[in-house]
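Data block below; observations after.
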């Protein structure tokens, strides 16, 4: 069963757009939805729950295994999650009637990793992509078509310089990939751990507006 939270557009507009929120590992759809009311009024805001149960109230998009002291990613599940997100968008487009040319993603941590991969695999499907406290996973990006037209995409990357979960050096790789593909982007670093501080939050809102 698909679980998600919805905030409908607050303003009367003929063709609202879509902002899809993708939470991090061990969290749930309530997390990013906590600032849904502050997001642009002329958009549907949908926060989608991950596929896999973590603990009692948490979920993830794919499993991580830390048993040997290293971060082991189940890439089969990560690819499955990307298909799931794309299919979800296709399923709801006739229910909420949003602008098919204006689909935006906000992902945190694991959700940011997936958001970046989703956008580069589907550069004509998405528009603004906000990757918060994530990094570009080479394994998920190895089959990207470098000759694609990425001009529709705009990226916002942010990371805490004291992040103990995902090293900031990993996040900085976003910049080199975007420069190589000539993609528009903003990159921000903040005095923060693995989270979103107020400065990051307001920069994110300004980017969306």
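The values are calculated or read from the model by the stated rules, or taken from the named source; none is laboratory data. This is a predicted model, so every value here is computed, not measured. Note that we place each Cβ from the backbone using ideal geometry, even for glycine, and neighbour counts take in every protein chain shown.
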Need the failing condition index for residue 87 against (1) modelled with pLDDT of 95 or more; (2) surrounded by fewer than 12 Cβ atoms within 10 Å (Cβ to Cβ); (3) touching a strand residue (DSSP E or B) at 6+ places or on another chain (Cβ under 8 Å), just the number. (3)
For the stretch 125-161, give me the residue count where each residue is farther than 23 Å from residue 206 by Cα and in contact (Cβ under 8 Å) with a residue 24 or more places away in the chain. 9
Single residue of the stretch 1-18 satisfying the filter (assigned to a strand (DSSP E or B) and touching a helix residue (DSSP H, G or I) at 6+ places or on another chain (Cβ under 7 Å)) that is farthest from residue 207 (Cα to Cα): 5
When (1) surrounded by fewer than 16 Cβ atoms within 10 Å (Cβ to Cβ); (2) in contact (Cβ under 8 Å) with a residue 40 or more places away in the chain; (3) over 21 Å from residue 120 (Cβ atoms) are applied to residue 30, the one that fails is (2)
When residues of the stretch 182-209 are limited to those that are in contact (Cβ under 8 Å) with a residue 60 or more places away in the chain and assigned to a loop (DSSP other than H, G, I, E, B), the one surrounded by the most Cβ atoms within 10 Å (Cβ to Cβ): 196
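Conditions tested, residue by residue: (1) at pLDDT 95 or above; (2) more than 22 Å from residue 103 (Cβ to Cβ); (3) in a loop (DSSP other than H, G, I, E, B).
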{"site": "20", "(1), (2), (3)": "yes, no, no"}
{"site": "24", "(1), (2), (3)": "yes, no, yes"}
{"site": "32", "(1), (2), (3)": "yes, no, no"}
{"site": "45", "(1), (2), (3)": "yes, no, no"}
{"site": "53", "(1), (2), (3)": "no, yes, no"}
{"site": "56", "(1), (2), (3)": "no, yes, yes"}
Considering every residue within the stretch 145-162, establish whether at least one is loosely packed, with under 15 Cβ neighbours inside 10 Å, on the phi < 0 side of the Ramachandran plot and in contact with a strand residue (DSSP E or B) (Cβ under 7 Å, 6 or more places away or on another chain). yes
